[in-house]
Protein chains: 2
Amino acid sequence: MTKIPTALEILRRIEDGTMTCEALVRICLQRIAEREPTVQAWQHLEADTLLDAARRIDRSGTGLLKGLPIGVKDIIDTVDMPTSYGSSIYEGFHPARDAACVALARHAGALILGKTVTTEFAYYQPGKTHNPHDHGRTPGGSSSGSAAAVADGMVPLALGSQTAGSVIRPASYCGCVGYKPTLGLIDRTGVRPFADSLDTVGVFARTVEDAALFASVISGRPGLRIEDQSLRPQIGLSRTHEWGMAEPASAAVLEDAFTRLRTAGLNIREVVLPESWRGLSEAQKTIMAYEGARACAPEMLTMPDRLSAKLREFLQIGVAIPHEEYDRAKVLAAEARAEMADVLDNLDVLLTPSAPGEAPQGLQETGDPAFNRVWTLLGAPCVNVPGLTGSSGMPVGIQVIGRVGDDARTLAASAAIAQILSAG
Amino acid sequence: MTKIPTALEILRRIEDGTMTCEALVRICLQRIAEREPTVQAWQHLEADTLLDAARRIDRSGTGLLKGLPIGVKDIIDTVDMPTSYGSSIYEGFHPARDAACVALARHAGALILGKTVTTEFAYYQPGKTHNPHDHGRTPGGSSSGSAAAVADGMVPLALGSQTAGSVIRPASYCGCVGYKPTLGLIDRTGVRPFADSLDTVGVFARTVEDAALFASVISGRPGLRIEDQSLRPQIGLSRTHEWGMAEPASAAVLEDAFTRLRTAGLNIREVVLPESWRGLSEAQKTIMAYEGARACAPEMLTMPDRLSAKLREFLQIGVAIPHEEYDRAKVLAAEARAEMADVLDNLDVLLTPSAPGEAPQGLQETGDPAFNRVWTLLGAPCVNVPGLTGSSGMPVGIQVIGRVGDDARTLAASAAIAQILSAG
């Protein structure tokens, strides 16, 4: 049972000639052959053509992601693979073009290994994926397959997206790094929309450094790469208005982690979020439902029977939201965005739980994005730092949150935190 | 040569039984048969099936847009008609689904008469359309066909989009109403992206009331409809930082119009825009190029030869923009948005020229969006009010600009201004 190395390690080995892309793809495919019957992370696998592509790259390929196999969440268009958006309506659908993020990854030398399972249109109706650590539990959603495939060592990198908590939550449940950048940092062209004000493309990786590399390439921002590992971040600890939703056992694990960060010499101080932010979670729900009802109108108006009952119900809620309520939610979000600099006064990042606790039992639900909604709404960069373990032995993640546009520092702080926590 | 009536007049006649949808479609098709050889507004016409659809609506149809034929800019997806985005790359391409705005228009009873000509991916490489008032002149762009078709009385309503000035400018050049709503008011799902921070779906109509009706239906905001015509708007006159670009003859026409509005009893006072706004036009250009380079990466990286030289050059500029410059432009825009309430202190709307002057001679360029960039960047609602005539006998428009989210008032003010100018 061979997990593949990290992306940076692979690139080093390819560079120094101790690994070929072909060998790497064979490792991925072998790992998938062993594990996919249990995990079911993939909607579509491009095994047949991939070895040829790897050999081509071994002969003459180049690029910052040279030869790295990646998974692509199946709400993201691929020109050479079917894209079904997690819905039977689009079974076998072939887009006319790659999404921008896919085209940019390919251009940098990445190999698209396949499409990973998503919930229906990235809402809550689950796909077939199981949590790789306990197949009786959800991997989280909506980027279920991307999180599970990376956490299980099938592929070093994967693309996902977040509208409520669809990158950070599955990363926390599956135990890998999830990075949801500042809204708009990775272009959304060719990604199925759900809520225009919220939809954010993100990435999954085994380390923060790998996530930073991947995002830097597909956003064209070399400055995101973590070159300097000396940052001692100033940390705010926010128990947030949703803290009461954290499960006691998981809260205890987190408190212990905070103690370890303090012991390692990091400054951590409590931050109290403005009282006016109490409404932000509800505002996120309002915006998501209102915009979702419009974005999904083509399917909802012409083939409602082919949507899940769960999604139909949500879209009906969205249609019924008065536009005054939506407008108020947008204003509240804009005001909170303007206050964020003050909230993070003199701090580099905030820490909160990534999710209420370990991945819930069962596959009928994908868990609760309660700890993610606010930060998605604010458009702030968030990283799930894995490495902690809950009382059932399942992964528990810490969410690292930065200022809008301050992605490089957020990633560097996350790397520093990950290093301390992994040192035990 | 029968121009069709306004949308509201059509709906009244259909309601009281003095017009059928079938007869209406026949009028549109006849007008198109007469004029299309000269104007060339349509990329695709659905003449064959449209009479059947009209008869079905006459028998049992319903909806707020019952039986109204509309044109759809060809960067907007239609499930039953080819959508080529103004590019030979997508010739004959059939999308899997309607765009959200198209689905909502159909659901309200509208008939999609066809796809209107767009520039290439809604950038500046022109399509085949001529200005209906002088076929040696540009109709403007990028929503060239939608503006020309509505202004020429081929169809009462059409969908367009604006990233720099692609609704307001062609409406001004062709002499019809163009309404670019607050960013996001009409959902963009299924509309080809160019610049995610800027792309805004808008509408064309013969009257402000018609534009308000159309937008109200496809946004689900009944409050946009102009019921109360008694508004006496408080008006700010902004010569803007671009005023020097207005052609003298057109500037004189506008000054005369302002005098008439004053004579009719409206309060108009000069507004000086903040000095810091001087950089907004450049910021819009930076954001458009940077985001465009990412959104068009799939085509640019795999088939650059099939893009126009004009577009390729722009995308190369976009790729080369340092992300710090883009980030600064976004910050500048956010700061200006926050200042907009103060700029409009006690005013309902601002007036500026819609374009530097009459439609330029020739079909190789689509004119300059100099007077539109700032307001698109700010996400503010804008209306082109037609009715003035320049020194060459071509239409000259006034741009009415409101606060973000204040679309209902902006439309009502535009209707009041249009009424005074048309009485003149």
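Restricting the search to helices (runs of 4 or more DSSP H) fully inside the stretch B:143-237 and requiring at least 3 residues that are crowded, with 24+ Cβ neighbours inside 10 Å, touching a Leu at 6+ places or on another chain (Cβ under 9 Å) and not small (Gly, Ala, Ser) gives B:208-219. For residue B:388, the conditions (1) in contact with a helix residue (DSSP H, G or I) (Cβ under 7 Å, 6 or more places away or on another chain); (2) open to solvent by 30 Å² or more (accessible area, probe 1.4 Å); (3) not basic (Lys, Arg) are fulfilled apart from (2).
Conditions tested, residue by residue: (1) buried (at least 16 other Cβ atoms within 10 Å of the Cβ); (2) not polar (S, T, N, Q).
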residue: B:276; (1), (2): no, no
residue: B:282; (1), (2): no, yes
residue: B:291; (1), (2): yes, yes
residue: B:300; (1), (2): yes, yes
residue: B:316; (1), (2): no, no
residue: B:323; (1), (2): yes, yes
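Being touching a residue at least 12 places away in the same chain (Cβ under 8 Å), buried (at least 20 other Cβ atoms within 10 Å of the Cβ) and part of a strand (DSSP E or B) is a property that does not hold for residue A:347. May I ask you to verify whether residue B:256 is acidic (Asp, Glu), over 28 Å from residue B:9 (Cα atoms) and within 14 Å of another protein chain (Cβ to nearest Cβ)? It is false that residue B:256 is acidic (Asp, Glu), over 28 Å from residue B:9 (Cα atoms) and within 14 Å of another protein chain (Cβ to nearest Cβ). Taken over the stretch B:304-314, the residue count meeting the criterion of being touching a residue at least 60 places away in the same chain (Cβ under 8 Å) and open to solvent by 40 Å² or more (accessible area, probe 1.4 Å) is 2. When you check residue B:291 against the structure, is it within 12 Å of chain A (Cβ to nearest Cβ), within 25 Å of residue B:330 (Cβ to Cβ), part of a helix (DSSP H, G or I) and at pLDDT 95 or above, yes or no? Criteria met by residue B:291.
When each of B:335, B:324, B:313, B:339 is tested for being assigned to a helix (DSSP H, G or I) and facing chain A (nearest Cβ under 9 Å), the lone residue that passes is B:324.
Quick check on the stretch B:376-387. Is at least one of its residues over 22 Å from residue B:215 (Cβ atoms), in contact (Cβ under 8 Å) with a residue 40 or more places away in the chain and not in a helix (DSSP H, G or I)? No, the conditions are met nowhere in the stretch B:376-387. Restricting A:397, A:405, A:393 to residues that are outside any helix (DSSP H, G or I) and within 14 Å of another protein chain (Cβ to nearest Cβ) narrows the list to A:405.
The values are calculated or read from the model by the stated rules, or taken from the named source; none is laboratory data. Model, not experiment: these values are computed from the prediction. Cβ coordinates were reconstructed from backbone atoms using ideal geometry, including for glycine residues, and neighbour counts include every protein chain displayed. Remember, those area values only see protein heavy atoms, side chains included, never the ligands or the DNA or RNA. Shrake-Rupley method; radii C 1.70, N 1.55, O 1.52, S 1.80 Å.
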